[in-house]
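Below is one structure, written out as structure tokens; the observations come after it.
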Amino acid sequence: MSEKENFNMDPVFVPDEILEGFKILPTATVYNAVKYFSSSNNYTKNSPCVCEGLKNYTPGQKIAARAKTLRFLPLRQDIAGEVISREESSEYKAMGRCGPGDVLVADIQGKEQDVVAGDVKLLQLAMNNADGVIIDGAIRDLDVLRDENYDLIVYAKARSLHGNPNTIPAEENVQIQCGGALVRPGDVMVGDDDGVIVVPSWMAKAVLEHATEHEEVENYIKTKIKKENVVPGKYYPPQPESFDEWRDIKKSK
């Protein structure tokens, strides 16, 4: 298996080829790779990378995209008076940062009535060919997004017909939380129907390499299990010898 690394933890730009690599892997495999490297850097034992409670509202579609962040704050008269509205608002600036390979990640504090936007505002993401939107809150006008082919992958905690009765979009391109996970601008959001996770940008390349090999080895031992008609526990979880066997096979190809 891949050697654990001592990372330079400065944020980096994650290129498209790494994003494409994540798209062919199960998110659960990527999650295990993040945990593997996180524990070696005292990040945390359990790795708080899972955006808990979010559902894929575009089932069957996988996302691996750079995070562009938007933070909502509790609504109050004074903050409402300070927040810039219309074209120069934080929500439009955040969406304006999104293009191909990017996803808008919105922190709405998990409020299931408050929405990131409806179909008119999210038109900006569609026009920019962004990959999607991930919301620690609710999505509105989802049927319109589908019917009018916005081509956005959508993760959210709920659907809602409300607007923003409790929150207001206030800050963009800042560190946020999403489903309890820290998201920094430029981190990689990886998700499928199992859920969505955060891969720190500085860890993305190593995580992809580790997860790719792990998935290859698991597929290899699945073949052995079926061929030998044995209990999976004979080879699973994968042991070092299975990795050595697989590496030898790859070298011989």
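Laid out as a table, the results:
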read-out: Residues that are touching a residue at least 60 places away in the same chain (Cβ under 8 Å) and not in a loop (DSSP other than H, G, I, E, B), drawn from segment 10-22; value: Asp16, Ile18, Leu19, Gly21, Phe22
read-out: Long-range neighbours under 6 Å by Cβ, at least six apart or interchain, first residue under 14 Å from Glu171 (Cβ atoms) within segment 98-119, second hydroxyl-bearing (Ser, Thr, Tyr); value: Val105/Thr69; Ile108/Thr167
read-out: Which listed residue is among the aliphatic types (A, V, I, L, M), surrounded by 14 or more Cβ atoms within 10 Å (Cβ to Cβ) and more than 19 Å from Lys62 (Cα to Cα), from Ile197, Ile249, Ile225; value: Ile225
read-out: Selection status of Pro169, closer than 30 Å to Gln77 by Cα, assigned to a loop (DSSP other than H, G, I, E, B) and either in contact (Cβ under 8 Å) with a residue 60 or more places away in the chain or touching a Cys at 6+ places or on another chain (Cβ under 9 Å) (or both); value: no
read-out: Unique match (being surrounded by 16 or more Cβ atoms within 10 Å (Cβ to Cβ) and part of a loop (DSSP other than H, G, I, E, B)) among Gln113, Gln124; value: Gln113
read-out: Candidate set from segment 224-240 (those that are closer than 15 Å to His214 by Cβ and free of Cβ contacts under 8 Å to residues at least 12 places away in the same chain); member that is nearest to the chain's Cα centre (by Cα); value: Pro237
read-out: Residues satisfying the stated conditions in segment 214-233, i.e. out of contact with any helix residue (DSSP H, G or I) (no Cβ under 7 Å at 6 or more places or on another chain) and either of a type in the set (Lys, Arg) or assigned to a helix (DSSP H, G or I) (or both); value: Glu218, Asn219, Lys222, Thr223, Lys224, Lys226, Lys227, Glu228, Gly233
read-out: Residues being in a loop (DSSP other than H, G, I, E, B) and either surrounded by 13 or more Cβ atoms within 10 Å (Cβ to Cβ) or touching a residue at least 60 places away in the same chain (Cβ under 8 Å) (or both) - total across segment 55-83; value: 8
read-out: Matching residues in segment 150-163 - criterion: being in contact (Cβ under 8 Å) with a residue 40 or more places away in the chain, outside any strand (DSSP E or B) and under 24 Å from the mean Cα position of the chain (by Cα); value: Leu152, Lys157, Ser160
read-out: Residues located in segment 176-223, provided they are farther than 19 Å from Val12 by Cβ, of a type in the set (D, E, K, R) and touching a residue at least 12 places away in the same chain (Cβ under 8 Å); value: Asp192, Asp193, Asp194, Glu213, Glu215, Glu216, Glu218
read-out: Among (1) on the phi < 0 side of the Ramachandran plot; (2) in contact (Cβ under 8 Å) with a residue 60 or more places away in the chain - the single one Met127 does not satisfy; value: (2)
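For every residue, the table says whether it meets (1) closer than 23 Å to Lys62 by Cβ; (2) at pLDDT below 95; (3) surrounded by 13 or more Cβ atoms within 10 Å (Cβ to Cβ).
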| site | (1), (2), (3) |
| --- | --- |
| Met9 | no, yes, no |
| Val12 | yes, no, yes |
| Glu20 | yes, no, no |
| Leu25 | yes, no, yes |
| Tyr31 | yes, no, yes |
| Ser39 | no, yes, yes |
| Asn42 | no, yes, no |
| Asn46 | no, yes, no |
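The values are calculated or read from the model by the stated rules, or taken from the named source; none is laboratory data. Since this is a predicted model, take the numbers as computed values, not measurements. Counting neighbours? That spans all protein chains shown, and the Cβs are built from the backbone with ideal geometry, glycine included.
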